[in-house]
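See structure below.
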Amino acid sequence: MSNKQNREKGKSRRDFLKDAGVAGAGAFAGAAALLTGSDEAEAKTTWAEHFQKNYRLMTDAEKQEAKERLETRYSEEYEKKVEVGIEPAMPGVLFGYALNIQKCIGCRRCVHACVKENNQSRHDENGNATEIQWIRVIRMEKGNFAFKNENMDEGYPGSKGEEYGIQVGGNAHTPVGTVLEGQHYYEPQRVPEKDAFYFPIQCHQCEKPPCVKVCPVRTTYRDPDGVVVIDYNWCIGCRMCMGACPYWARRFNWGKPNLPKEDMNPRTHYMGNRPRMKGVVEKCHFCLQRSRKGRYTACIEVCPVGARKFGNLLDKNSEVRKILDRKRVFRLKAELNTYPKFFYFVD
Amino acid sequence: MKQIRFGIDFLTYALKGGGKFYVWLLFLSFFIMLWVIGNITQITQGMIVTNLNDQVSWGLYMSNFVFLVGVAAAAVTIVFPAYVYNYKPLKDVVIIGEMLAISAVVMCILFVLSHMGRPDRLWHIVPGLGIMNWPNSMLTWDVAVLNGYLALNVICGFYYMYKKYTGEPMNKTFYMTFVYISIVWAFSIHTVTAFLLNTMPTRPMWFHSIVPIKFIVTAFSAGPAFIILSFFVIRKHTKLEIKDEAINMISTIITFCLGISLFLTLSEVVTELYPSTEHSFSLKYLMFGKHGLHGLVGWFWVSLVMNIMAFILLINPTTRKNYNILPFACVLLFAGIWIEKGMAFVLPGMIPSPIGEFVEYSPSWIEIGNSLGAWGVGLTVFTILARGAIGVQLGEVKYPSGN
Amino acid sequence: MKKYKISKVLFSFLVASFLLSGIAYAADPEVCFESRGMKSEDGEVVGYTIREKRDVEPGWPNIKCSSRTGGVLWWGDPFDETEPMGELPIEADYTYEEAVVKPREAHLTEVIGLFPCADMCHGDPEVVAVPKDTTPRTLVDMHTEKAEKPTDLKHGRGAIWCLDCHSRTNRNKLIDHRGNEISFNQPMKLCGKCHGQIYRDWRDGIHGKRIGMWVPGGKKRWWVCTECHDPHNVQQAPGNRGFAQLQPEPAPELPKGMLNTDHEQEHGHGGGGGGHAAPAAGHAPGLH
C-alpha cells in the first residue's frame, strides 16, 4: 500500500516538475526577450538564434544557416555589407606568437589596432559601456639605482651597530632592479621611457587552458589550429573562465556593447570579431577572420618596432619557429603548466 | 487527492497568523519587490548596473552564494545527531533544519541567476538539451550537488511531513536511506563549492588546501547559529516545544566549529605573512591595505573581532547556556562569518587581478537591492515552510480522518 | 521689394557657400604617418611616410588612423602603393616569398623633392663641385639640418660620414664600399654590410616589420631599414636605442571603483627615493 502511495506521490511530483519546467521555459523566454534589448535589428533575433546549438555540434548546413542569419542581422544593424566567415582551422597549422620584449616600446598601438579590427564595445558617454581592450600593456619600472654606500648596512630587524646581522636588506624596501608590480595606466609624453620597459599581455592561447577546463557549458574550447575560441551564442556569462585565467585575458560585455556603425569592421568570423552581445565573454582569438585566410593579425601589423611575430609553429620556415630556434624564449607563469603558445623573447 | 489537500492545508496554515506575522511578511515583501525591480533592471540593461568590472568580476552575488551554500549544508548538524546518534531532543526539530536547507538552496539559485550574464541561456547547462561539462568543470559538479541536495531535502522533508499529516507510518527504509544520503551530501555541497574556488592557481588567496575545511567549519557554525535563532523565535511565537538539550547540542557544535575556523584563520595568516611573497598581496591588501587602498581592511578586522567575541561567549558554558546571551553570540557569529566569507575571502581573491592590478570594489545599489531582495525571498520561503512544518509537527495540520 | 528679396537670397547663398566652404575645407582627407612620425601640438601630422585615408571598397578604408598620435593603426589593404622589392644579394630559403616594399624613390622624388634637387645641384659640376675623395669634412650652407656635424654623425660616432653611404658622383643613389650603386628602395643592401646580424634577422623576419600574409610564400610588405631608423640620427638620444621615441596611445579607461591611478605611483613602501623610506600608512611596523 505504501508503495502505491509513493507512486502516486511520485506522479504528482512529476507533474509538478513538468509544470515547473514549462513555467521555467516561459521564464527563460521572457528573460531572453528582456535581454535582447530594444534595438530593432537586435530585437529581430529569431527564435532560431536563441535556441541554436553549440557551434561545434552544428552540421555544415546549420552553420551555413547561422552564418546567413547573422549576416542579415548585422548588415541591417550596421548598414553595410557584413560577412561572417565560418572557415574552420587550416590543416597543418598550429598558431604561435612571439613577442620581443627587448623591442617593445609600450606605445599601445597594438591595443588600439586590435580595437579597430575586432569590433569591441566602445566607450559610451552615458556610462553604459566601456572600451573593451583585449591587450594590456604593463610598464615595468626599472627602479632607482641611487645606491648609497651609507645605506649598505641598513635593514631589518637591526640597523647599524647591531651585532647579529641583517635579515632583510634595506633595498627590499626600495625598488631596485625592477619594481614588483607593473603599472597599467602610464601616459608619458614619449615612449619608451629611459627607466622602464614594457610587457604586453593578451590571451596566450594555452595548450592546457584553465578557462576551457572550468567552462560549465563548453562554450570555450581549443580549436584544432590551437586558438582558444568562444561561441558567443552559447556563453551563459557565468565568468568562471575570467576567474581562472592566469593572464587576465578575458573580458566581459557588462552592458549592451556600443559599436558605432562607422567603426564596425564588416569582415568578420563567427568565432572571431563578429559583434558580440551583452552578457558574454570575449578575448583575443588571433584575429581568426584574418589568420584563417592567411593574413597577419592586427597587432602584428601595427607594431612600429616589429616586436610581434606570428606564424605556424608546425612550419620550420616560419618566423616563430626561427625565433624559438635561435632566441632566448620564455613563457609567462610557466609554473602553472598552461603551455601557452605566446612566447616572450629577447634579442 | 491527498497530496493536493496536503499542499492546501499546509499553505493555509502557514499563511495564517497574528498581527506580528503579517508585519513580518509585509516587511519581507518590501525586499521581494526590491528583488523584482532590481533583477528586471539588471536583465534589461545588463550587468553594467552593478559595480563589477573585468578585474573584480565576482562580487556581492558570489559572496552571498558561497555563504548560503554553507548555511544550507548546516541542516546536517541537526540531522546527524538526531538520526545517527538517535538524539531524541533533536529528532523533533529535524524538519526545521530541512526547511532551512531548502530555503538556503533557493537563495543560492537566485544569487546564481543574478550573477550570470545570460540567465536566458541557463538551459545550455542541462545535459541532453545543452552541454554539461562534467566532470571537468567544477561548476557543473556544484550545479549537480546543489540541485541534488535540494531534491533530497524536498523528498525527505515533505515525505516525513506528508506521512505525519496523513497519520500513516513511514517506510523507514525509504526514508532513512535518503536521510543517510543527505548527511553525506550535505558535506559534499560545501566541499564542492570550496573546490570551485580553490582549484584556481590564478587566485593565490583561494589556492589553499585549507579552503574546504574552512568552508565546512564556518558553514557548521553560521548555519546552526541561524537555526538557534530561529528556534528562539519558534519558542516564543509558536507552541512547538524545543528542548534546551537540543539548543545546547547545536550551540556546542557551533562553538567547536568556530574554534577550528579561528585556528584556520591563524594558520592562513601565519603561512602567508611569514615569508610574504607576491602571492600574499591579497591577504595583505585585506588586512592592512596596499598602495594606499584599504577598502576591505575595516571589514576584515570587524569580522575577526566579532568572531572572537562570539567564540569567547560560546566557549564559556555559563554564557553559552544563558539564553539571554546566546542569541547575541549567534548574531555576532552569523554576521562575522558572512563578512568573512564575502568581504574577507571572495573579494580579496579578485584583488589584485592576476596581472597585478589593484581595483577596489563596493557594490552598487542595484546589487545591494538584489541581494537584500534574494534574502527576503529566502526568508519568506523559510517562514512559510517552517510554519507549515511546525503545524504538521504539532498535529495542527492533519488530514481530516474519516475521508 | 523684389530687389530686396533677390538680394536676401543672394546674401543667404553667400553665407551658405562660406559655411559650406568651411566644411569642405574641414573635410580634408585624414592623414596619418606609417613610420617615424608624430602629431605636433597644433594637430599637424608629420612623418616619414604619410598616408591618406580613402576607401578601397565601399565601407572598407585603406587605413585607419589614430586620433591621438596620428599614426596608422590598421591597414585595410597592406599592399596599397607598394612595388616588388627586387632581388637581395644573398640567396636564402626566404626568396620564394613575394616581397613588396613602399618605394622610397618615388617618395623622395615627389614629396621631398630630393631627386630633382640632387640632379640640379649635384648633377651639375658648375653648381656643386664633385668632391675629389670621400675624406670627411664639415658641410656649409646645405644639409646642416640633417647632419649638424658630419664628422661626428649620430651614426657610428665618427666612424662614418655622408659620403660613406651617399654616392660621391650620383646623389640619387647610395653606394657601398665596393662602389656598387644601391637604390633608396633597398637600403638593406648597404646597411646590412655593417649590421650583419641585424640584417640576417631582418631577412628571416625576426627583426623589423612586415605586414601581409603569414602563409608560406605569402605576399608581404617588408619595411626597409630607413622606414624605422633615421640613418642621419640613429642614436636618438636620450634613449640611445636606435629608434626615435613615439607618442603613446591613450591608457585604458579606469575601471569602475577607481577614481585615479595614485595607487600605481606608490610602490608600496613610500615612493622610490633612495634609502630606507618610512613604511606607508596601513603597514604594521616591522612586517614587510
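The table for this structure:
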quantity	calculated
Helix-derived mean residue ellipticity, 222 nm - over chain B, DSSP H n ≥ 4, -39500 (n - 2.57), to 500	-23500 deg cm²/dmol
Folded to 0 to 90 degrees: helix B:60-73 orientation relative to chain B principal axis, Cα	40
Derived scalar couplings ³J(HN,Hα) [the range C:50-66; Karplus, 6.51 cos²θ - 1.76 cosθ + 1.60; whole Hz; x for Gly, Pro]	9, 10, 10, 7, 7, 8, 7, 9, x, x, 10, x, 7, 9, 10, 9, 8
Approximate shape of the range C:83-228 as ellipsoid semi-axes (Cα gyration tensor, √5λ), whole Å, largest first	31, 17, 13
Coil-residue GluC sites (Glu not before Pro) of the range C:41-74, DSSP, other Cβ within 10 Å capped at 10	C:GLU41, C:GLU44
Helix axis angle, B:94-115 relative to chain B longest principal axis, alpha carbon, degrees	40
Cross-link partners of B:LYS341 among lysines (Cα-Cα below 19 Å; sequence separation of 8 or more within a chain)	B:LYS214, B:LYS284
Loop trypsin sites (Lys or Arg not before Pro), the range B:188-236 (other Cβ atoms within 10 Å of the site Cβ: 13 or fewer; DSSP)	none
Those lysines that a straight Cα-Cα span of less than 21 Å connects to A:LYS208, excepting residues fewer than 8 apart in one chain	A:LYS283, A:LYS333, A:LYS341
Within straight-line cross-link reach of B:LYS88, lysines at Cα separation under 24 Å, skipping those fewer than 8 residues along the same chain	B:LYS163, B:LYS164, B:LYS172, B:LYS236, B:LYS239, B:LYS243, B:LYS321, B:LYS398
The protein assembly as shown: radius of gyration over Cα atoms, expressed as a fraction of 2.2 N^0.38 Å	1.15
Bins of 20 Å from zero: percent of alpha-carbon pairs in chain B	26, 58, 16, 1
Nonlocal amide H pairs with C:TRP161, under 5 Å, H built at 1.01 Å	none
Fewest-first ranking of C:VAL100, A:VAL168, using other Cβ atoms within 10 Å as the exposure measure	A:VAL168, C:VAL100
Calculated on alpha-carbon atoms, Rg and Dmax of the range B:1-91 in Å	20.1, 55
Net +/- balance of residues flanking A:ASN253 in space, Cβ distance below 9 Å, scoring K and R +1, D and E -1	+3
Amide H within-cut-off set for A:CYS206, under 5 Å, with H built and near neighbours excluded	A:LYS341
In order through the range C:31-45: 3J(HN,Hα) via Karplus (6.51 cos²θ - 1.76 cosθ + 1.60), integer Hz, x for Gly, Pro	10, 8, 9, 8, 8, 6, x, 6, 10, 6, 4, 8, x, 7, 8
Per-residue HN-Hα couplings for the range C:146-159 [Karplus 6.51, -1.76, 1.60; θ = phi - 60°; Hz; x = Gly/Pro]	7, 9, 4, 10, x, 6, 10, 4, 6, 7, x, 6, x, 7
Cα-based convex hull, the range A:260-347, per residue volume (Å³, whole number)	146
Other protein chain Cβ atoms within 10 Å, averaged over every residue that makes up C:62-73	4
Per DSSP, loop GluC sites (Glu not before Pro) in the range B:207-269 with at most 14 further Cβ within 10 Å	B:GLU241
Per-selection Kirkwood Rh - the range B:164-318 (Cα, Å, 1 d.p.)	18.6
Proportion of all alpha-carbon pairs of the range B:21-72 beyond 11 Å (%)	76
All Cα pairs of the range B:133-175, percent lying beyond 18 Å	45
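Read-outs throughout are calculated quantities, based only on the coordinates presented, and are distinct from any laboratory measurement. Keep in mind the model is a prediction, meaning the values are calculated, not measured. For neighbour counting, all protein chains shown are included, and Cβ atoms are generated from backbone atoms with ideal geometry for every residue, glycine included.
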